[in-house]
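Data block below; observations after.
The values are calculated or read from the model by the stated rules, or taken from the named source; none is laboratory data. Just so it is clear, the structure is predicted and the values come from calculations on it, not from any experiment. Positions of Cβ are generated from backbone atoms using ideal geometry, with glycine treated the same way; all protein chains shown enter the neighbour counts.
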Amino acid sequence: MQPQADPFVVPVCHEEIELLYQDQYLLLINKPTALLTLSGKHPLNKDSVHFRLVKDFPTATMIHRLDFGTSGILLVALNKEINAHIGKQFQARSVDKTYTALLHGHLAEDNGCIDFPIAKDKLNFPLQKICYETGKPALTTYEVVERMPQPFSTRVIFKPTSGRTHQLRIHSNEIGHSILGCDLYSTDEAFFMAKRLMLHATTLEFDHPVTGERVKGHCPCPF
């Protein structure tokens, strides 16, 4: 029996991938919004970061992912050994990441910590849910950058110390301040306040697997 194809067909992404850093071992790239990290099962969902990169970098492998709507910095390995080395850094949580986001409404505190365990919502794939019984620990710290009257929103810097699926989106929604443009975890008002998911991977720090030097990648936020 053939596996069922994903019924969701993604729109065409006309934006190009920007190369931020390159050496013989790895790449740092800027993923545009509305582009898959890996190709989907549906034959019309072939276009992805990986699909595009292997045309110029045949040995490229994805170490981590960004959601379809999230833009920003992605780390790509150029061989299996590099992938495994950096993968261990992700597992050890020694890779530091920050994200910029626009949240609906004004947060009361200038900084804080969001600590809610996350589990798969088996009845509503691909959604995740907050669950204290089966959820895995998920921790996100935030710092307010700016509170804006138009649109009525707050610009924040997120720093997740865990990497659960949809973590920033579901954590934002749980505290009552959805990410603007989020199609999965937001009110209709917050969704329609932006033409895209207002979430961008801004910085990524890791130890270079060959030189041992700390690499500090930065990708300016487009919104």
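Of all the listed residues (Ile86, Ile73), the sole one being within 30 Å of Ile175 (Cα to Cα) and touching a Leu at 6+ places or on another chain (Cβ under 7 Å) is Ile73. For the stretch 176-196, residues that are under 23 Å from Asn111 (Cβ atoms), out of contact with any Phe, Trp or Tyr (no Cβ under 9 Å at 6 or more places or on another chain) and part of a loop (DSSP other than H, G, I, E, B) total 4. Scanning the stretch 137-176 for residues that are of a type in the set (Gly, Ala, Ser) and either more than 18 Å from Glu205 (Cβ to Cβ) or touching a Leu at 6+ places or on another chain (Cβ under 9 Å) (or both) returns Ala138, Ser153, Ser162, Ser172, Gly176.
Listed by first and then second residue, the pairs linking a residue in the stretch 131-148 that is without any contact (Cβ under 8 Å) to a residue 40 or more places away in the chain to a residue that is loosely packed, with under 11 Cβ neighbours inside 10 Å and outside any strand (DSSP E or B), with Cβ atoms under 9 Å apart and 6 or more places separating them unless they lie on different chains, are Tyr142/Glu109; Val144/Glu109.
Could you pull out the residue among Thr37, Thr100, Thr59 that is touching a residue at least 60 places away in the same chain (Cβ under 8 Å) and out of contact with any Phe, Trp or Tyr (no Cβ under 7 Å at 6 or more places or on another chain)?
On the way: Thr37 fails: touching a residue at least 60 places away in the same chain (Cβ under 8 Å); Thr59 fails: touching a residue at least 60 places away in the same chain (Cβ under 8 Å).
The unique qualifying residue is Thr100.
Inside the stretch 121-134, can you point out the residues that are basic (Lys, Arg) and either under 16 Å from the mean Cα position of the chain (by Cα) or at pLDDT 95 or above (or both)? Of everything in the stretch 121-134, just one residue is basic (Lys, Arg) and either under 16 Å from the mean Cα position of the chain (by Cα) or at pLDDT 95 or above (or both), namely Lys129. Taking first residues from the stretch 171-182 that are touching a residue at least 24 places away in the same chain (Cβ under 8 Å) and partners that are assigned to a helix (DSSP H, G or I), the Cβ contacts under 6 Å between residues at least 6 apart in sequence or on separate chains come to Ser178/Ser172; Ser178/Ala190; Ile179/Arg169; Ile179/Ser172; Leu180/Ala190; Cys182/Arg169.
Can you find a residue in the stretch 135-152 that is among the aromatic types (Phe, Trp, Tyr) and either over 15 Å from the mean Cα position of the chain (by Cα) or on the phi > 0 side of the Ramachandran plot (or both)? Yes: one or more hits. Of all residues in the stretch 108-145, those satisfying the criterion of being among the aromatic types (Phe, Trp, Tyr) and crowded, with 16+ Cβ neighbours inside 10 Å are Phe116, Tyr142. Take the residues of the stretch 1-60 that are of a type in the set (Lys, Arg) and exposed (fewer than 15 other Cβ atoms within 10 Å of the Cβ): which is modelled with the highest pLDDT? Filtering the stretch 1-60 for residues that are of a type in the set (Lys, Arg) and exposed (fewer than 15 other Cβ atoms within 10 Å of the Cβ), the one modelled with the highest pLDDT comes out as Lys55.
Can you go through Ala84, Ala77, Ala101 and tell me which one is surrounded by 19 or more Cβ atoms within 10 Å (Cβ to Cβ) and farther than 30 Å from Met148 by Cα? Write out each step before concluding.
Working: Ala84 fails: surrounded by 19 or more Cβ atoms within 10 Å (Cβ to Cβ); Ala101 fails: farther than 30 Å from Met148 by Cα.
After applying the criteria, what remains is Ala77.
The residue of the stretch 197-214 that is nearest to Pro160 (Cα to Cα), among those that are surrounded by fewer than 18 Cβ atoms within 10 Å (Cβ to Cβ) and either without any contact (Cβ under 8 Å) to a residue 24 or more places away in the chain or touching a Phe, Trp or Tyr at 6+ places or on another chain (Cβ under 8 Å) (or both), is Arg214.
Scanning the stretch 146-163 for residues that are surrounded by 14 or more Cβ atoms within 10 Å (Cβ to Cβ), part of a strand (DSSP E or B) and hydrophobic (A, V, I, L, M, F, W, C) yields Val156, Ile157, Phe158.
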